[in-house]
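Asker: Dropping a structure here in structure tokens format, bear with me for questions.
We did not get these values from a lab; they are worked out from the coordinates using the rules stated. Note that the coordinates shown come from a computational prediction; the quantities given were computed from them, not determined experimentally. FYI the Cβ positions are ideal-geometry reconstructions off the backbone, even for glycines, and counts take in every protein chain you see.
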Amino acid sequence: MKKNPKRIGLAIIGAGRVGLFRGEVAARHPQVDFIGLAEIKPDRAKFVADKLSADFVTADYRELLARPEVTAAIIATDEHLHVDPILAAVERGLSLLIEKPLATELSESERVLEAIQKSGVDAVVGYTQRFRRRWLTAKEKVRTGQLGDVTLVTSRAFMNRLVALDNYQRTNDPKTISPMVISGTHALDIVMWMMEAKRPVEVYARSIDKALGPICNGIDATAGMITFEDGSLYHSSISWALPVVWPAAVYSLDVGIVGTEGVLTIDDTHRDIVLATNISQGEGYAPDASRRVDFLGSYPPGDVALGELRGPMREETEQWLNRLAMSLPTQHATAAEAHNRLMLTKAFDLSAKQKRAVPLPIGTSDTKQRQGPLAAE
Ligand SMILES: NC(=O)c1ccc[n+]([C@@H]2O[C@H](COP(=O)([O-])OP(=O)(O)OC[C@H]3O[C@@H](n4cnc5c(N)ncnc54)[C@H](O)[C@@H]3O)[C@@H](O)[C@H]2O)c1
């Protein structure tokens with residue numbers, strides 16, 4: 001470990017929920033001596049700048065990136081707006097923490113990955129679940145061979161529809177938004193991280209759009225299977241169209257890992273802490289007044305208690321700052337892994353769209369064929 005940690009001048013681009021969470025963690029880190037914000041909504045910019053006692057605030061991320069104090073950047077804009085700020089930060093040679101996904105289009109993601117690799121900047125992507133003990137333990141059991149040869153992994157993700165509605169409303173191109181690309185990617189990353197010794201060769205999937213199709217031209221759910229080179233299987237299902245009253249704020253997950261010598265099951269549904277109340281509070285993801293029952297702990301970044309974020313996004317941000325200051329190794333997803341996850345989620349969508357098995361990996365030209373709503377196929 002280096003004894004002389006480096007100073008960090010942090011640029012936060014996009015001061016929404018995640019920009020604020022990460023900014024609050026950074027503001028408490030001893031090596032961070034400058035925080036600058038770029039946020040296009042003036043009220044939000046002021047609110048977050050006051051909370052963080054930010055040193056610099058602007059609506060123009062280029063102006064922020066030009067500041068000499070800046071050594072690193074967090075890209076926390078909406079999912080479909082990551083590309084331009086990433087490319088500008090890469091050009092400036094900054095270390096990066098990028099929110100997932102790298103981009104929402106495969107060609108854009110490829111372009112971003114190329115720029116990152118060519119420049120040699122240290123860029124990691126916010127697959128926050130990697131910082132939870134349960135997934136780290138699972139990773140360790142697979143890595144050290146305690147389950148034998150892993151032959152089957154299953155993941156089932158249930159989400160109420162608030163995240164889906166929010167995503168479809170925010171985009172001007174609903175075709176780039178899908179449950180796999182936006183949310184399924186978290187479960188997929190955990191599983192593919194555990195299975196990193198094996199090469200995925202085929203995906204077979206189907207989707208359904210009976211609930212969200214009529215409302216926002218959206219997809220409700222996708223179920224499918226990845227086959228690995230040695231015949232092992234990953235069976236995945238996600239629905240982000242459960243009724244708004246479904247008590248999990250975001251993710252409610254069930255994972256099974258079966259090997260030749262053992263099995264590991266992980267109930268990550270968050271049913272162990274249930275809050276029911278008549279009083280609606282501004283907690284959780286885009287809270288809806290009709291939601292009076294909550295599985296606490298189901299908001300992936302963590303929970304705020306005693307004025308501070310507690311949970312995986314705090315750990316992930318702190319470890320990233322330590323990685324920058326002291327060159328410590330961390331388990332953050334690399335940009336190459338993030339691009340791979342986008343490719344795989346797009347392959348699920350492509351297979352569902354074309355109603356056929358799709359060989360892996362897919363390329364940019366494959367996804368270009370995917371046009372129009374699901375029901376039109
Ligand atoms: N890892 C996790 O657990 C996790 C959880 C939630 C969200 N996320 C990811 O974090 C990202 C942000 O999500 P969020 O929930 O904070 O969204 P949000 O809508 O609360 O915040 C996004 C902010 O970016 C701002 N913005 C957009 N374009 C901008 C630009 N060019 N310059 C400056 N500001 C700009 C918007 O005005 C908005 O305030 C998304 O990619 C999302 O997928 C990750």
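Asker: Could you let me know the centre-to-centre spacing of the range 88-106 and the range 145-172, using Cα atoms, in angstrom?
Answerer: Measuring centre to centre over Cα atoms gives 23 Å.
Asker: OK, next. What is the set of long-range amide H partners of V57 at a cut-off below 5 Å, with H atoms built 1.01 Å from backbone N?
Answerer: Here the answer is L37, since their amide H atoms fall under 5 Å of that of V57.
Asker: Next question. Would you order M159, M192 from fewest to most other beta-carbon atoms within 10 Å of each residue's own beta-carbon?
Answerer: The fewest-first ordering by Cβ neighbours comes to M192, M159.
Asker: Please label the shape of the range 133-300 as rounded, prolate or oblate, based on the square roots a ≥ b ≥ c of the eigenvalues of the alpha-carbon gyration tensor (a/c under 1.5 means rounded; beyond that, a/b larger than b/c means prolate, else oblate).
Answerer: Note, shape of the range 133-300 comes out oblate.
Asker: Continuing with this model, one more query. Give me the dipole magnitude in Debye, nearest 20, for the chain about the Cα centre, with unit charges on the beta carbon: positive for Lys and Arg, negative for Asp and Glu.
Answerer: The dipole magnitude comes to about 240 debye.
Asker: I would also like to ask the following. Let me have the relative contact order for the range 133-300, percent, based on Cα pairs under 8 Å that are six or more residues apart.
Answerer: 30
Asker: For a quick check: sort D349, D230 by the number of other beta carbons within 10 angstrom, fewest at the front.
Answerer: D230, D349
Asker: Another question, if that's okay. Using the 10 angstrom Cβ neighbour count as an exposure proxy, how do F348, F21 rank, fewest first?
Answerer: Least crowded to most crowded, the residues run F21, F348.
Asker: Can you find, among A223, G256, A335, the residue sitting farthest towards the positive end of the charge dipole of the chain, where Lys and Arg contribute +1 and Asp and Glu -1 at Cβ?
Answerer: Checked the options; the winner is G256.
Asker: Another one. Under a Cβ-only charge scheme (Lys and Arg +1, Asp and Glu -1), can you give me the dipole magnitude of the range 133-300 about the Cα centre, in debye to the nearest 20?
Answerer: 220
Asker: In degrees, nearest 10, range 0 to 90: what is the angle between the Cα axis of helix 312-326 and the longest Cα principal axis of the chain?
Answerer: The helix 312-326 is inclined about 50 degrees to the chain.
Asker: OK, next. Using Cα pairs closer than 8 Å and at least 6 residues apart in sequence, work out the relative contact order for the chain, in percent.
Answerer: Contact order relative to length: 20 percent.
Asker: Which of the peptides 214-226, 335-347 is most tightly packed, and how do the rest follow, going by the mean number of other Cβ atoms within 10 Å of each residue?
Answerer: Averaged packing, sorted descending, gives the order 335-347, 214-226.
Asker: Please give the helix 42-52 orientation as an angle from the longest Cα principal axis of the chain, in degrees from 0 to 90, rounded to the nearest 10.
Answerer: Long axis of 42-52 versus the principal axis of the chain: about 70 degrees.
Asker: Using a 7 Å offset from the Cα along the Cα-to-Cβ direction at both S119 and L87, what is the distance between the two label points in nm, to one decimal?
Answerer: 1.1
Asker: Okay, helix-only estimate at 222 nm for the chain: each DSSP H run of n ≥ 4 adds -39500 (n - 2.57), divide by all residues, round to 500 deg cm²/dmol; what do you get?
Answerer: -10000 deg cm²/dmol
Asker: While we're on this one: Mind checking which lysines have their C-alpha under 24 Å from K100, skipping anything on the same chain fewer than 8 residues away?
Answerer: Reachable lysines: K41, K118, K139, K175, K198, K346, K353, K368.
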